[in-house]
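Asker: Handing you a structure now.
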Amino acid sequence: MEISMDIELQDIPGQLVLALEPVSDFGGNILSVLHQRDKKTPSGRIPVQLVFELEEKRLDRVVERLKERGVKVVRIGKERLKESMVVLLIGHIVHSDVRDTIDSIDRTGFAEVVGLSVSMPGVAKKSSASVTLSAIGKKELEEALQILKRTVNKKGILIITPI
Amino acid sequence: MRIKTGIKTVRISIIGFGNVGGGVAEVIRRKREEIARRYGLNIKIVGIADLRGISVDENGLSEEAIMGLRRGDKKLEKRADMTSVDLIKEVEHEVMVEVTPTNIEDGEPGLTHIITALESGKHVVTSNKGPLAVEYKKLMERAAKREKELRFEATVGGAMPIISLVRKNLAGNGILSITGILNGTCNYILTRMAEEGLPYEHVLKEAQEIGIAEADPSKDVEGIDTAVKLVILANSVFDMNATYKDVEVTGIAEITPDALKLADDAGYVIKLIGEVDREGCLKVTPRLVPQDDPLNVGGTMNVATIKTDLAGDITVIGKGAGPIEAASAILSDIISIYR
Ligand SMILES: NC(=O)c1ccc[n+]([C@@H]2O[C@H](COP(=O)([O-])OP(=O)(O)OC[C@H]3O[C@@H](n4cnc5c(N)ncnc54)[C@H](OP(=O)(O)O)[C@@H]3O)[C@@H](O)[C@H]2O)c1
């Protein structure tokens, strides 16, 4: 299953490897690592978000091993993309390469476009689309939205977001 | 309800005698007895001015004279010796009601009218957004210096109480944000488009035919009117010193029936939403509003949700436009000066 995990590392070299090894050692497959060097916790640690695939029964052993290594496990999420939101786009969506717009979100590793429906009234006319974004947390969802906004703004597409 | 015994005469002038000015004369006529009985006030209209001319009677214009002016069978006098500014300055009265057209470029002619009134010792009640959007701080300072009231409930949300609601009834609360639909024309257009699946241009034309949209609808549909109202809220409720240029504005002209359909499929409606918060963010943009949210009101209605730190969320809904509705807010402002 896919697991997301928030951990905190000491601010010394080599810590990330120390944290990733146990996941691989127990046969896990790392999907994304969000290493926020610029953000520190009040105790001076560096927050990292891991997403990996792992057999669920091995999770306890991984966590135990991390703790032995001095890695602080702050949160474990078994459902990966917990937060989602619908936004609408109006403009020349298809002409402007939808794929690229979607990719800009999927590339993040912490968010995905999980739904898309497009209405095209006719060539040359503006089309409308609803896009469902999902992300591993509220903050990430907001970040994905900002990325989407930047991508579509460049293309002159109107974006309508929920209040 | 406390019944007043002594009657106080309040002389007013009405500067601008169009829809709202006429509405003010009308509500004063209709409510004369009640205002005297409940508030102990006898409101006398001593002067009326618009571009066509002026009518003055220091003892109060008669109801017949005012009705005649409203119907157009009597004309305001063209007086070479008196302008609207002279009327405000020279005719003795207590409250000047400023209801000339909104001008968001320089606030005129309203700005000069209001300054003249305050400087010559009159309270001011207005529905005119222009002067407040352009020179809010200056006008407030001037009113304070002259110890006069400047009230403007009618500028935002028409009949829907919002400014006095926040200032009086929610006193003591920290206001976190105000979010709402502040333009009835846009609300009407989006509501009709969603209900009938009709394109924007079609519904706009229909709205113009029935008098809900103006011949030049740009101020409404481009979000400018909403933005100006937000500026007034920002300045009066959040103590900012904002102008129209501080607002990020997107209008509704690009909204398609398809987008409204997609929104509906996802459980939303699209509304032109104005938002102001205490961090200084001022924004007018089409937004997705959940169908079960209190902000989802249809037709020409206005609505606002006020987020507060003690009282939680408070939502008010009301008629945002219309001469009698705007006059209702003006009348409440006049009465409140004397309570
Ligand atoms: N209508 C509403 O529902 C509503 C609601 C809330 C707020 N407001 C605001 O209230 C104000 C009045 O709206 P309205 O609908 O009554 O507009 P209106 O029907 O156009 O009336 C404006 C009046 O002002 C007069 N006027 C123009 N320039 C003048 C000047 N320099 N000196 C004296 N009078 C002058 C006009 O005279 P002429 O007729 O001779 O041109 C007219 O009588 C506007 O600022 C509007 O934004 C309106």
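The values are calculated or read from the model by the stated rules, or taken from the named source; none is laboratory data. These figures come from a predicted structure and were not determined experimentally. Quick reminder, even Gly has a Cβ in these numbers, built from the backbone with ideal geometry, and neighbours come from all protein chains shown. All accessible areas refer to the heavy atoms of the entire protein, side chains included, with ligands and DNA or RNA removed. Shrake-Rupley method; radii C 1.70, N 1.55, O 1.52, S 1.80 Å.
Asker: Quick one: is A:V152 open to solvent by less than 70 Å² (accessible area, probe 1.4 Å), part of a strand (DSSP E or B) and within 14 Å of chain B (Cβ to nearest Cβ)?
Answerer: Considered against the rule, which asks whether it is open to solvent by less than 70 Å² (accessible area, probe 1.4 Å), part of a strand (DSSP E or B) and within 14 Å of chain B (Cβ to nearest Cβ), A:V152 comes out as no.
Asker: Look at segment B:75-98 and say how many of its residues are open to solvent by 20 Å² or more (accessible area, probe 1.4 Å), within 14 Å of the ligand (Cβ to nearest atom) and either over 21 Å from B:P323 (Cβ atoms) or in contact (Cβ under 8 Å) with a residue 60 or more places away in the chain (or both).
Answerer: 9
Asker: Continuing with this model, one more query. Is it true that B:I255 is in contact with a strand residue (DSSP E or B) (Cβ under 8 Å, 6 or more places away or on another chain) and assigned to a loop (DSSP other than H, G, I, E, B)?
Answerer: Here the answer is yes, as B:I255 does meet what is asked.
Asker: Where in segment A:1-107 are there strands (runs of 3 or more DSSP E), lying wholly inside it, with at least 1 residues that are basic (K, R)?
Answerer: Those strands (runs of 3 or more DSSP E) span A:72-77.
Asker: Restricting attention to segment B:251-260, which residues are open to solvent by 40 Å² or more (accessible area, probe 1.4 Å) and within 7 Å of chain A (Cβ to nearest Cβ)?
Answerer: Residues satisfying the conditions are B:E254, B:D258.
Asker: If the requirement is being outside any strand (DSSP E or B), within 16 Å of the chain's Cα centre (by Cα) and more than 19 Å from A:L158 (Cβ to Cβ), which of these qualifies: B:A311, B:A321, B:A304?
Answerer: Exactly one residue qualifies, and that residue is B:A321.
Asker: Being free of Cβ contacts under 8 Å to residues at least 12 places away in the same chain, among the small types (G, A, S) and either touching a Leu at 6+ places or on another chain (Cβ under 9 Å) or more than 13 Å from chain A (Cβ to nearest Cβ) (or both), is that true of even one residue in segment B:275-298?
Answerer: The answer is no, given that none of the residues of segment B:275-298 is free of Cβ contacts under 8 Å to residues at least 12 places away in the same chain, among the small types (G, A, S) and either touching a Leu at 6+ places or on another chain (Cβ under 9 Å) or more than 13 Å from chain A (Cβ to nearest Cβ) (or both).
Asker: Taking B:T185 as the residue in question, decide whether it is within 14 Å of chain A (Cβ to nearest Cβ) and crowded, with 19+ Cβ neighbours inside 10 Å.
Answerer: no
Asker: Please state which one of A:S128, A:S117 is farther than 26 Å from B:V276 by Cα, within 14 Å of chain B (Cβ to nearest Cβ) and in contact with an Asp or Glu (Cβ under 7 Å, 6 or more places away or on another chain).
Answerer: Going through A:S128, A:S117 in turn, just one is farther than 26 Å from B:V276 by Cα, within 14 Å of chain B (Cβ to nearest Cβ) and in contact with an Asp or Glu (Cβ under 7 Å, 6 or more places away or on another chain): A:S128.
Here's the yes/no breakdown for (1) within 28 Å of B:G6 (Cα to Cα); (2) outside any strand (DSSP E or B); (3) out of contact with any Gly (no Cβ under 8 Å at 6 or more places or on another chain); (4) within 16 Å of the ligand (Cβ to nearest atom):
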| position | (1), (2), (3), (4) |
| --- | --- |
| B:V27 | yes, yes, yes, yes |
| B:K44 | yes, no, no, no |
| B:S55 | no, no, no, yes |
| B:N59 | yes, yes, yes, no |
| B:D73 | no, yes, yes, yes |
| B:T100 | no, yes, no, yes |
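Asker: Only one of these is in contact with a helix residue (DSSP H, G or I) (Cβ under 8 Å, 6 or more places away or on another chain) and open to solvent by 50 Å² or more (accessible area, probe 1.4 Å): B:K129, B:K145, B:K137, B:K168. Name it.
Answerer: Testing whether each residue is in contact with a helix residue (DSSP H, G or I) (Cβ under 8 Å, 6 or more places away or on another chain) and open to solvent by 50 Å² or more (accessible area, probe 1.4 Å) leaves just B:K137.
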